[in-house]
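Beneath this line is the structure, given in structure tokens, with notes to follow.
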Amino acid sequence: MSLPTLRRSLARNRNFARCISSSSSSDPQHSKTTSFGFQTIPENAKESMVKSVFDSVASKYDLMNDAMSMGVHRLWKDQFVGDLKPGRRGPMKCIDVAGGTGDIALRILDFAREKYADRETSVEVVDINEQMLKEGYRRFKKTMYHNTPQISFHEANAQSLPKEKFRDNSYDLYTIAFGIRNVTSIPAVLDEAYRVLKPGATFACLEFNKVDHPLLGTLYDQYSFHIIPLLGTILTGDRASYQYLVESIRKFPAQPNFAQMIRDAGFVTGKDIDGGAWTNLWGGVACVHTGVKI
């Protein structure tokens with residue numbers, strides 16, 4: 001690692017530490033805590049710490065996901081969107097949350113156009129991170145959807161979407177891919193998803209999850225904790241961000257627990273089995289959860 005790169009990595013770690021220190025000292029007795037990877041931190045520190053991570057990886061987003069999934073995330077995203085069949089029943093108004101780089105939005109628009117000749121389905125991409133949105137906007141400038149009503153980008157917090165912009169009962173499909181585990185309050189995000197969706201509309205989440213096979217789980221743990229942070233160091237000079245991302249996966253609720261959280265928000269799901277409330281990909285390395293607003 002070069003000296004400037006090492007300095008940047010060390011500075012990032014110091015920034016994380018300052019976030020924890022300053023937030024803890026503000027109200028040590030009354031502040032609620034949450035997880036940041038394997039660390040326990042004040043709730044009011046997490047948003048800025050996660051922002052620091054994604055500021056760091058925004059321009060290397062595909063590289064990050066390639067490292068974390070051995071490149072398979074592209075196939076998972078294709079399956080995620082393909083199973084939702086956007087455009088099958090006519091044009092849809094979609095919202096893709098934590099989708100700053102536009103990966104899912106582009107797949108939705110391409111699927112609707114290629115499978116159903118639908119050029120009216122639209123996607124509003126929402127992300128809390130400005131750098132991720134800039135990356136998505138840059139990518140969409142290369143596509144046929146640029147400067148059309150089919151795509152727009154919005155900086156907003158998934159836990160409290162501005163009601164004047166993201167109105168109640170207004171979307172046909174809500175997607176969030178590899179983003180919900182990074183929020184401070186998962187229930188708050190699910191409540192907002194329920195609010196903005198129309199009755200009968202679908203919530204769909206793609207996320208890294210719990211592996212259900214012991215041998216695969218052991219191999220995955222070895223890869224995650226030893227190889228991924230090393231790849232982060234080699235490819236981007238940023239071990240700390242990749243270490244957090246690996247740890248955040250382990251802190252995410254197991255499939256039945258997350259399915260219950262979706263139901264607690266008001267959605268109807270299938271049974272608590274693979275192929276019901278959720279669909280495991282690669283034995284649970286990733287998982288698709290869906291729910292329908294009643």
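The values are calculated or read from the model by the stated rules, or taken from the named source; none is laboratory data. Just so you know, these numbers come straight off a predicted model, no measurement behind them. Here the Cβ is made from the backbone with ideal geometry for all residues, glycine too, and neighbour counts use every protein chain on show.
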| query | What number of residues within the stretch 280-294 satisfy the criterion of being surrounded by 19 or more Cβ atoms within 10 Å (Cβ to Cβ), assigned to a strand (DSSP E or B) and among the β-branched types (Val, Ile, Thr)? | reply | 2
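Matching residues to (1) over 18 Å from the mean Cα position of the chain (by Cα); (2) at negative phi; (3) touching a residue at least 60 places away in the same chain (Cβ under 8 Å):
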site: 189; (1), (2), (3): no, yes, yes
site: 209; (1), (2), (3): no, yes, yes
site: 216; (1), (2), (3): yes, yes, yes
site: 230; (1), (2), (3): yes, yes, no
site: 237; (1), (2), (3): yes, no, yes
site: 247; (1), (2), (3): no, yes, yes
site: 250; (1), (2), (3): no, yes, yes
site: 256; (1), (2), (3): yes, yes, no
site: 268; (1), (2), (3): yes, yes, no
| From the residues in the stretch 202-227 that are β-branched (Val, Ile, Thr) and part of a helix (DSSP H, G or I), which one is surrounded by the most Cβ atoms within 10 Å (Cβ to Cβ)? | 227
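Check every one of the helices (runs of 4 or more DSSP H) wholly within the stretch 41-92 and list those with 2 or more residues that are out of contact with any Pro (no Cβ under 7 Å at 6 or more places or on another chain) and at pLDDT 80 or above.
In the stretch 41-92, 43-57, 73-84 are the helices (runs of 4 or more DSSP H) which contain 2 or more residues that are out of contact with any Pro (no Cβ under 7 Å at 6 or more places or on another chain) and at pLDDT 80 or above.
Of the residues 146, 154, only one is assigned by TED's automatic domain parsing to the domain that holds residue 184, part of a strand (DSSP E or B) and either of a type outside the set (A, V, I, L, M) or under 20 Å from residue 49 (Cα atoms) (or both); which?
154
Answer with yes or no whether residue 103 is within 24 Å of residue 280 (Cβ to Cβ), at pLDDT below 95, outside the structural domain of residue 188 (by TED's automatic domain parsing) and not aromatic (Phe, Trp, Tyr). Explain how you work it out, then say what you get.
Details: within 24 Å of residue 280 (Cβ to Cβ): yes; at pLDDT below 95: yes; outside the structural domain of residue 188 (by TED's automatic domain parsing): no; not aromatic (Phe, Trp, Tyr): yes.
So residue 103 fails the test.
Would you mind finding the one in 245, 230 that is outside the structural domain of residue 169 (by TED's automatic domain parsing), surrounded by fewer than 16 Cβ atoms within 10 Å (Cβ to Cβ) and among the hydrophobic types (A, V, I, L, M, F, W, C)?
230
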| Residues (of a type outside the set (Phe, Trp, Tyr) and surrounded by 16 or more Cβ atoms within 10 Å (Cβ to Cβ)) located in the stretch 63-78 | 64, 65, 66, 67, 68, 69, 73, 77
| residue 111 versus (1) surrounded by 15 or more Cβ atoms within 10 Å (Cβ to Cβ); (2) within 24 Å of residue 189 (Cβ to Cβ): which is the lone unmet condition? | (2)
| field | Number of the exception - residue 199 against (1) assigned to a loop (DSSP other than H, G, I, E, B); (2) loosely packed, with under 15 Cβ neighbours inside 10 Å; (3) of a type outside the set (Phe, Trp, Tyr) | value | (1)
| Which of the residues spanning the stretch 148-192 are surrounded by fewer than 17 Cβ atoms within 10 Å (Cβ to Cβ) and within 23 Å of residue 263 (Cα to Cα)? | 160, 163, 167, 168, 169, 170, 185, 187, 188, 191
| Lone unmet requirement of (1) in contact with a helix residue (DSSP H, G or I) (Cβ under 7 Å, 6 or more places away or on another chain); (2) closer than 19 Å to residue 70 by Cβ; (3) assigned to a helix (DSSP H, G or I) for residue 262 | (2)
